[in-house]
Amino acid sequence: MPRQVRIEFEGAFYHVMARGNRRNPIFASPDGADEELFLKTLGDCCERSGFRVWTWMLMRNHYHLLVETPAANLVEGMDGSGIDFTPFRPSGAFLHAPLQQPASRMGRLYGDRYKSVLVESGDVDGDLFLRTLLDYIHLNPVRAGLVPSEASRSAQGGRASRGEGFPERRSGRQDAEAIIARAARHFGMEGGGRDDFAGLPRGDLRRVATAWAVLRKTSLRQDWIAERLSMRSAGNVSEQVRKFAMRPEKGF
């Protein structure tokens with residue numbers, strides 16, 4: 001089956017991510033050398049390609065990047081960069097790890113090529129979706145339970161495998177209710193209560209857009225969002241929000 005064509009244009013923004021093969025660790029060195037080498041490799045990639053990395057998050061077995069491509073060259077810049085596809089390395093370690101490993105542990109580092117989700121381009125400070133995506137990337141370690149939501153802010157990125165450099169995030173229900181109230185006003189709904197959302201048709205974009213905002217601006221669990229917005233289940237929240245995030249227009 002042919003690969004999906006990646007859309008490229010000048011000034012495009014992408015949410016770039018990749019996961020370790022069979023969900024094995026990418027960053028395994030106890031002293032953080034794997035993470036440091038990854039960031040150095042990423043910096044070299046940016047120098048060659050002109051990429052602008054607005055934020056990053058290194059989890060133990062996957063990573064997230066928010067990348068801008070001023071020159072419409074995502075594929076060219078990622079190919080051969082060392083962070084794109086590392087086919088034969090010891091399982092569970094970035095390039096830092098020595099190659100003197102048993103043959104049974106040899107294999108590709110990533111489960112597949114990197115994913116790149118095209119997002120709306122524009123001023124990061126003024127664009128709601130990009131600012132929300134920044135929060136989503138930084139919230140990954142909070143959702144994984146690696147750090148508390150009250151951890152200190154980091155403007156450039158963070159490392160989850162050692163609990164360093166995480167941003168302060170909204171985590172309480174009060175913040176979620178404020179987001180829901182704002183969405184209700186935007187969509188002309190009565191008050192944003194449970195009954196208001198329960199009365200919406202199944203798959204209504206007003207409900208899904210609200211769930212998208214709550215999920216990416218807070219660290220509340222999807223089962224809470226499902227109950228609050230009448231979305232049946234946490235799995236339904238995940239599926240609907242993922243589809244909504246791929247839409248070219250985000251609503252509010």
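A few points about this structure:
- Residue within the range 37-45 that is touching a His at 6+ places or on another chain (Cβ under 6 Å), part of a helix (DSSP H, G or I) and either closer than 28 Å to residue 70 by Cα or aliphatic (A, V, I, L, M) (or both) present: yes
- Residue check for residue 232: among the charged types (D, E, K, R), over 16 Å from the mean Cα position of the chain (by Cα), more than 16 Å from residue 180 (Cβ to Cβ) and surrounded by fewer than 19 Cβ atoms within 10 Å (Cβ to Cβ): yes
- If you go through the range 7-23 and keep only what is of a type outside the set (Val, Ile, Thr) and at pLDDT 85 or above, you end up with 8, 9, 10, 11, 12, 13, 14, 15, 17, 18, 19, 20.
- There is at least one residue in the range 71-91 that is crowded, with 19+ Cβ neighbours inside 10 Å and modelled with pLDDT of 90 or more.
- Scanning the range 39-50 finds no residues that are modelled with pLDDT under 80 and closer than 26 Å to residue 139 by Cα.
- Test set (1) among the basic types (Lys, Arg); (2) surrounded by fewer than 16 Cβ atoms within 10 Å (Cβ to Cβ); (3) touching a Leu at 6+ places or on another chain (Cβ under 6 Å) - residue 207 fails condition number: (2)
The values are calculated or read from the model by the stated rules, or taken from the named source; none is laboratory data. Everything numeric here is computed off the predicted structure, so don't read it as measured data. Note: ideal-geometry Cβ built from the backbone for every residue, glycine included; neighbour counts use all protein chains shown.
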